[in-house]
Amino acid sequence: MQIHGWGNYPKIDAEILEPTSLTRCANELQTSPLIARGMGRSYGDSANAKHVLQTTHLDHYLHFDSKQGNLTCEAGMTLKELLKLIIPKGWFCRSRLVLVSSL
């Protein structure tokens, strides 16, 4: 599959691995060197490689401590979804168009 960042350059051919669980993700990490990729919105080539771990299916929150504001979630959770969770509890984050793994 051909991938690129938000700037649409450079474009490279890559093998995309798309685990749907943390267990599958851990298994993929043991098979070959790769780089994690979120929504592909980096302006450069920071997530372009021959072997890519696509994190968009790893999009669940695992725990949120609303008193301390500590959130544990998977790397593919978007900040849009994070905001839906935390704003009603009195917390806020500035951007909504990137993945947690991009921070």
key: Residues satisfying the stated conditions in the range 5-17, i.e. within 16 Å of the chain's Cα centre (by Cα) and within 17 Å of residue 41 (Cβ to Cβ)   = 5, 6, 16
ask   = Which ones in the range 39-55 are at pLDDT below 90 and surrounded by 13 or more Cβ atoms within 10 Å (Cβ to Cβ)?
value = 39, 40, 41, 42, 45, 47, 48, 49
query = Looking at residue 87, is it of a type in the set (Val, Ile, Thr) and over 26 Å from residue 23 (Cβ atoms)?
reply = yes
request  = Output the residues belonging to the range 41-56 that are under 14 Å from residue 5 (Cβ atoms), of a type outside the set (Phe, Trp, Tyr) and in a loop (DSSP other than H, G, I, E, B).
outcome  = 41, 42, 44, 45, 46, 47, 48, 49
ask   = Name the pairs: first residue in the range 14-36 and on the phi < 0 side of the Ramachandran plot, second residue acidic (Asp, Glu), Cβ to Cβ under 6 Å, at least 6 apart or on different chains?
value = 17/28; 19/28
Unique residue being loosely packed, with under 11 Cβ neighbours inside 10 Å, aliphatic (A, V, I, L, M) and not assigned by TED's automatic domain parsing to the domain that holds residue 76 when the list is 26, 14, 36 = 26
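The values are calculated or read from the model by the stated rules, or taken from the named source; none is laboratory data. What you see is a predicted model; the values in this text were computed from it and never measured. Neighbour counts run over all protein chains shown; Cβ positions are idealised from the backbone, glycine included.
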